[in-house]
Amino acid sequence: MSDTSQGSGWWQASDGKWYAPELHPNYVPEPLVTTVATPPPTPPLSVPTLPLAESPTGNATPNFLPFTSGGTPNRDPATGHKGTPVYRRWWFWVVGAVALILVIAVAASAGSKKTTSASNSSTTVVPTATTPSTGSPTTTPQAAAPSSSGRQVEGTLATLGAGTFTGGKDVAVGLYDVTAPSGQSGNFRVTGTDRYNEILGTDGAGSGVPVVRTKISHGDRIQISGLSNVTFTPVTTPFVTTHATVNLYAGTWVVGQDIGVGRYVATPGAGQSGNFIVSGSNGYNEILGGDSSLGGVPSVTVTISKGDVIDISGLSQVTMTAQ
């Protein structure tokens, strides 16, 4: 490098300095001559060039830094920068790493989307035939499910023989229609939170009831005598909320669930006599049917409100006629 030309071939760079011919970017050394009898030497490597741009000083400078025949990029004497291959640049490897991470993430996301689903199914309570019991309780598990009217079915189908049993242990807590085998008649009694005392079944004497609407609570004491078996069937009938004529029978009934709010005339079945009691917002206590000299009445007109409880005993049918 010199401030002035030192002879033929010296050239001036963009920094105004003069450099030897062999330092010029386009300099190609002469091929070596060998005296060994070998195939002709390989011609010098052809280096592509781009048009030269004029620098502010008027000298032509290269637009790129070509490689020498040895494969090593020349440096621009003015800037000292190399012409680095793409695969040696830092951003080339960064881009490659990011692309690999994205591919792995997409594959993992696709695998995580494979899920399984289980559909919920409702259980319909279907009464089944029961075998006479020898005294031990027999239960058939059934899931509680709301009916189409919103009634929450409570209880588990069960069959008990004669003996003493406990609510919540031998019979699940719930609301049942309790029945006896055909041709049998005996005593059915519940004490505790809920109370019932009926002659269950019909043996031709006409003194019993075929079914009792019974609520069983935890700890209730259930007594059965004179019957080979008694079946507890969970109630699944829809709610009755409209003011309309309905037929009730022995057991417990709730206004707003089993009968609509309103005014009714209660009439017993032909030739029947028993107790008809309403408790809650309204109170009634009558002997429906039977001899009037013994206090019996042929009918009673009642007004009932939501939540009132109707207790019927000794009657297989009571017609509630809407008024």
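The values are calculated or read from the model by the stated rules, or taken from the named source; none is laboratory data. As the structure is a computational prediction, the values presented were derived from the model and not from experiment. In this analysis, Cβ positions are derived from the backbone assuming ideal geometry, glycine residues included, and neighbour counts consider all displayed protein chains.
Among the candidates A244, A266, the residue that is hydrophobic (A, V, I, L, M, F, W, C) and either within 42 Å of the chain's Cα centre (by Cα) or surrounded by fewer than 21 Cβ atoms within 10 Å (Cβ to Cβ) (or both) is uniquely A244.
Highlighted here are the strands (runs of 3 or more DSSP E) found entirely within region 165-230 that include at least 1 residues which are touching a residue at least 60 places away in the same chain (Cβ under 8 Å), surrounded by 15 or more Cβ atoms within 10 Å (Cβ to Cβ) and touching a strand residue (DSSP E or B) at 6+ places or on another chain (Cβ under 9 Å): 174-179, 196-200, 211-216, 221-225. Looking across region 255-268 at every residue that is in contact with a Lys or Arg (Cβ under 9 Å, 6 or more places away or on another chain) and aliphatic (A, V, I, L, M), the one that is farthest from T237 (Cα to Cα) is identified as V261. Quick one: would you say I287 is closer than 15 Å to K215 by Cβ, more than 42 Å from the chain's Cα centre (by Cα) and not polar (S, T, N, Q)? Here the answer is no, as I287 does not meet what is asked.
Residues in region 284-323 that are touching a Ser or Thr at 6+ places or on another chain (Cβ under 6 Å), under 17 Å from Y249 (Cα atoms) and among the small types (G, A, S): G289, G290, S299, A322. Of all positions in region 175-191, none carries a residue that is under 30 Å from G290 (Cα atoms) and at pLDDT below 90.
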